[in-house]
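The values are calculated or read from the model by the stated rules, or taken from the named source; none is laboratory data. If you're wondering where the values come from, they're calculated on a predicted model, not measured in any experiment. Quick reminder, even Gly has a Cβ in these numbers, built from the backbone with ideal geometry, and neighbours come from all protein chains shown.
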Amino acid sequence: MTLLVILGVAVGLLAATPVLFVLHQAASTNRPSMAAGLGSILASFFGIQLVILAVHVADATVTLPFGAAAAISFLVVTTIAGLVAWRRAPRG
């Protein structure tokens, strides 16, 4: 069970990669489009959902701990990165 929680955290971090890329662009002088932001969120969402579905098909008893670890790690990382990008974004 512990291994699956660690794998869930790893999946959440990996799924945050597209969002982190867009947030990095937003914090620099490049302004990403709204479509890029929405696309990164949707890619992350569907990626996490597909991995959780694969875990559920393999062993339904570990779906909740794996999915919770993946979702929580994704939300924590993207929230922190969003706050940092918001503070570093050029004003005006």
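Taking (1) over 19 Å from Ser73 (Cβ atoms); (2) touching a residue at least 12 places away in the same chain (Cβ under 8 Å) in turn, Ala43 satisfies each apart from (1).
Using the structure shown, decide if Ile72 is modelled with pLDDT of 95 or more and β-branched (Val, Ile, Thr). Against the criterion (modelled with pLDDT of 95 or more and β-branched (Val, Ile, Thr)), Ile72 qualifies.
Is it fair to say Thr79 is touching a helix residue (DSSP H, G or I) at 6+ places or on another chain (Cβ under 9 Å) and either of a type in the set (S, T, N, Q) or not in a helix (DSSP H, G or I) (or both)?
Taking the combined requirement at face value, the residue does not satisfy it.
Residues of region 62-84 that are crowded, with 16+ Cβ neighbours inside 10 Å and among the hydroxyl-bearing types (Ser, Thr, Tyr): Thr63, Ser73, Thr78. For the criterion of being in a helix (DSSP H, G or I), without any contact (Cβ under 8 Å) to a residue 40 or more places away in the chain and not small (Gly, Ala, Ser), Leu53 passes. Checked against the criteria, Leu23 does not count as surrounded by 16 or more Cβ atoms within 10 Å (Cβ to Cβ), under 10 Å from the mean Cα position of the chain (by Cα) and not polar (S, T, N, Q).
If you go through region 18-39 and keep only what is touching a residue at least 24 places away in the same chain (Cβ under 8 Å) and part of a helix (DSSP H, G or I), you end up with Pro18, Val19, Leu20, Leu23, His24, Ala26, Ala27. Does Val55 count as farther than 24 Å from Val84 by Cα, buried (at least 17 other Cβ atoms within 10 Å of the Cβ) and at pLDDT 95 or above? The answer is yes for Val55.
Which of the following residues is within 13 Å of Ser73 (Cα to Cα), out of contact with any strand residue (DSSP E or B) (no Cβ under 8 Å at 6 or more places or on another chain) and among the hydrophobic types (A, V, I, L, M, F, W, C): Leu14, Leu23? Criteria check complete, one pass: Leu14.
Taking region 26-47 as the range and being over 8 Å from the mean Cα position of the chain (by Cα), of a type in the set (Ser, Thr, Tyr) and buried (at least 16 other Cβ atoms within 10 Å of the Cβ) as the test, only Ser40 passes.
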